[in-house]
Every structure is written in C-alpha cells, then in structure tokens.
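The values are calculated or read from the model by the stated rules, or taken from the named source; none is laboratory data. Every value quoted in this text rests on a predicted model; they were computed, and no experiment measured them. Neighbour counts are summed over all protein chains in view; Cβ atoms, including those assigned to glycine, are modelled from backbone coordinates with ideal geometry. Calculation scope for accessible area: heavy atoms of the full protein, side chains included, ligands and nucleic acids excluded. Shrake-Rupley method; radii C 1.70, N 1.55, O 1.52, S 1.80 Å.
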Amino acid sequence: MRKILLTGFAPFGAETTNPSWDAVVMLDDSMLEGTHIISVQLPCEFDVSLAVLEKAIEQHRPEIVLCLGQAGGRADMTVERVAININDARIPDNGGRQPIDTPVAEQGPVGYFSTLPIKALVQALRDKGIPASVSHTAGTYVCNHVFYGLMHMLSRYPQVRAAGFVHVPYSPDQAAAYPGTASMAISTMTEAIRVMITITLRTTQDLRISGGITH
Ligand code: PCA
C-alpha cells in the first residue's frame, strides 16, 4: 500500500494550539488517490522532533513525507523551498533548549532544497481559491531544523520520493488575539493539504513558473 506521512507540531511559545497539527490530524488514517495517510505529531523540541520523525519514517516507510508547522503572521500557506544547516532559536523550545548558531548536522551541506513540486503546489492551491506562496526561508527554529533533518536523513530512506515542508498561518481564533493579523480556517488548511498530496502524487516534473521575490 502506498503511504504518505504527514506531520504537524505541538503548540509552542504563547500558543495553546498548533493549527499545523489540527489540520494534519483531520486526515489521519484516511485514503486519498489510493494512498494511505498517516499523521504524526512532532514535539516542538530540537533533536527530539527529528527522532520522532525518523521513527515514523522507519515504521511506515512512506513514499512522500510532508511536514507542516506554524508561522503565525504569514498571510497564506507557504511552501518552503529550502532548509538551511543552522539552529538559531529566538525562544527556548518546549524542552527549554535554545541553541544559537549550531549546525543541524555537523557534517551536513549548507542546505537542502525541497523535493516537492513547490511551484505546482502553489499554483494548484491558488486555482482552488486557497492563498499560497513559495517561501524562501523556513526560519532558524524547530521547523527549519525538522525540514533540514528530514532531507538529511533521506539518504537512508530511498523509498521516499518527495519530501518537504509547508508553513501555515494563524487560525482565526489565534489571530483574534493579534488584531490585524492574517488567518486561515483549519478546514481550509486541511483542504490545502489534500490538494498538495494529490498534486505531489500526480506530478513528476515541477512547473516552470516564477515564485521568486526581489526583497
Ligand atoms: N512552528 C515553529 C516550530 C513549530 C511550529 O509549528 C517554527 O516555525 O519553527
């Protein structure tokens, strides 16, 4: 059976929910395009998150791995292009650790590109009426750590054909605490994930359209 692994994060910082998990868990144990979806929650902790992720990949042997996290304040679903080999935490993680300027992997390359068809995903989301953009930074906190660590470990899991990371905005109830901030309903995020899974399963070559920025 073809499988896809979805991950979302536990709440972190001042938040009591994490929409990345709330959206991902809706699809747990469901089928899409003949593919079995498995959802796993990652702790918002350096290293521990990667251990949980690797255990899930070992256990489920997915064909696609799509990790999601929250980037509160962003206006839309942001499909990350690149992971970088740095940990630089603005706030302590949920285990109280705050690495500053350490590598994710000692001997690893500077960065890894997503192997998801990022342009096709953004285009398909927009076509469905869901706001989305390419992002060129996943930050330097636990999300980038997981994204980089995921791509780095894939040399051990050649059956994973495509993998990457997507950040979600605030949910409306979170954004109510930050007037003027963008938000997206959890149900829309879940629909976005379904669209991204479908397109990733169907796409072998990404679209050649601009997702670039000049600032
Ligand atoms: N967002 C954080 C970590 C967990 C999450 O959901 C980040 O963007 O690094």
Taking region 169-181 and keeping residues open to solvent by less than 60 Å² (accessible area, probe 1.4 Å) and either acidic (Asp, Glu) or in a helix (DSSP H, G or I) (or both) leaves 174, 175
Of the residues in region 58-86, those that are assigned to a loop (DSSP other than H, G, I, E, B) and either open to solvent by less than 40 Å² (accessible area, probe 1.4 Å) or more than 11 Å from the ligand (Cβ to nearest atom) (or both) number 9
Given (1) under 15 Å from residue 194 (Cβ atoms); (2) under 12 Å from the mean Cα position of the chain (by Cα); (3) part of a strand (DSSP E or B), where does residue 24 come up short, assuming only one miss?
-> (3)
From the set of residues in region 158-167 that are hydrophobic (A, V, I, L, M, F, W, C) and touching an Asp or Glu at 6+ places or on another chain (Cβ under 9 Å), which is nearest to the ligand (Cβ to nearest atom)?
-> 165
Collect the residues in region 25-43 that are within 14 Å of the ligand (Cβ to nearest atom) and either open to solvent by 50 Å² or more (accessible area, probe 1.4 Å) or over 24 Å from residue 113 (Cβ atoms) (or both), keeping them in residue-number order.
-> 25, 41, 43
In the set 195, 166, 160, the lone residue that is assigned to a helix (DSSP H, G or I), among the aliphatic types (A, V, I, L, M) and modelled with pLDDT of 95 or more is 195
Pairs with Cβ under 7 Å, 6+ apart, first in region 194-213 and small (Gly, Ala, Ser), second surrounded by fewer than 18 Cβ atoms within 10 Å (Cβ to Cβ) | none
The correct count of residues that are under 16 Å from residue 153 (Cα atoms), within 17 Å of the chain's Cα centre (by Cα) and surrounded by 13 or more Cβ atoms within 10 Å (Cβ to Cβ) in region 87-115 is 5
Output the qualifying pairs, or none if there are none: Cβ atoms under 8 angstrom, residues six or more apart or on different chains, first residue in region 16-32 and under 12 Å from residue 191 (Cβ atoms), second residue charged (D, E, K, R) and away from the ligand (no atom under 11 Å from the Cβ).
-> 27/194; 32/194
When you go through 149, 139, 129 one by one, which is the residue that is within 16 Å of the ligand (Cβ to nearest atom) and either on the phi > 0 side of the Ramachandran plot or in a loop (DSSP other than H, G, I, E, B) (or both)?
-> 139
So which of 105, 185 ends up being closer than 21 Å to residue 54 by Cα and free of Cβ contacts under 8 Å to residues at least 60 places away in the same chain?
-> 105
Mind checking which residues of region 4-24 are away from the ligand (no atom under 11 Å from the Cβ) and surrounded by fewer than 16 Cβ atoms within 10 Å (Cβ to Cβ)?
-> 14, 16
Boolean, residue 155 is surrounded by fewer than 18 Cβ atoms within 10 Å (Cβ to Cβ), away from the ligand (no atom under 15 Å from the Cβ) and part of a loop (DSSP other than H, G, I, E, B) | no
Quick check: anything in region 45-55 open to solvent by 40 Å² or more (accessible area, probe 1.4 Å), assigned to a loop (DSSP other than H, G, I, E, B) and over 16 Å from residue 193 (Cα atoms)?
-> yes
